[in-house]
1. How far apart, in nm, are two points set 7 Å out from the Cα along the Cα-to-Cβ line at Arg129 and at Asp24?
2. FRET efficiency for Val150 and Arg83, Cβ-Cβ distance as r, R0 = 30 Å, nearest 0.05?
3. So which chymotrypsin sites (Phe, Trp or Tyr not before Pro) in region 46-145 are both in a DSSP loop and have at most 10 other Cβ atoms within 10 Å of their Cβ?
4. Scan around Phe130 for amide H atoms under 5 Å from its own, H built in the peptide plane at 1.01 Å from N, and keep only partners 5 or more places away or cross-chain.
5. How about region 95-142: which GluC sites (Glu not before Pro) there lie in a loop by DSSP and see at most 10 other Cβ atoms within 10 Å?
6. Rounded if a/c is under 1.5, else prolate if a/b is larger than b/c, else oblate: which is region 56-126, with a ≥ b ≥ c the root eigenvalues of its Cα gyration tensor?
7. With label points built 7 Å along Cα→Cβ from the Cα atoms of Arg71 and Leu10, find their separation and express it in nm.
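Only the coordinates and a few stated rules stand behind these numbers; no lab work does. All figures in this text were calculated on a predicted structure; none of them were measured in a lab. Reconstructed Cβ throughout: ideal geometry from the backbone, glycine too, with neighbour counts over all protein chains shown.
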Amino acid sequence: MDSKARTIGLNSLLAAHFAPLELDELVVTRRDFPHWMRPDLQRALESLLAGLVDSRFCGARVRNHEFWVLRYSYGLPTAAIARSFLALLGLPTVTFEDAPAAHLAIRMLERGIDFADALHLASSAAAERFVTFDARLVKRARKVSPVPVVLA
């Protein structure tokens, strides 16, 4: 089949596909993605993760952000937030980044430590000491921190 015959055959197929529009009514566009965008990789990741619809990951920064939104945007009491975080921690479909540290941070939150500070202290449990410029944190953390908290 020569080139002209293929073109006519292709035109017939396109006309049938897009009917009732005429081929000269169609607008052809092209999408060039910037080099840093990888739509092929995004599609592959989406298809890979599609099977994990019942599984969620919750990182430390996400927990801190959730706390601030719930506390200061919605005005929820700290105790209610701590209870909800503990409930999330117990769900089989939620995986927490460093779950033992998350649990410890929630317990420190219940005992009056700011949640961001509690996350830092809990993830520093193996450290020799935790150094801060916050004198109030030094006082508050004395009885609940897994690591000695000292003033810089």
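1. 8.5
2. 0.45
3. Answer in residue order: Tyr74, Phe133.
4. So Phe130 has HN proximity to Val149, Val150.
5. Here the sparse-neighbourhood loop sites are Glu128.
6. Oblate, since a/c reaches 1.5 and b/c is not below a/b.
7. 6.3
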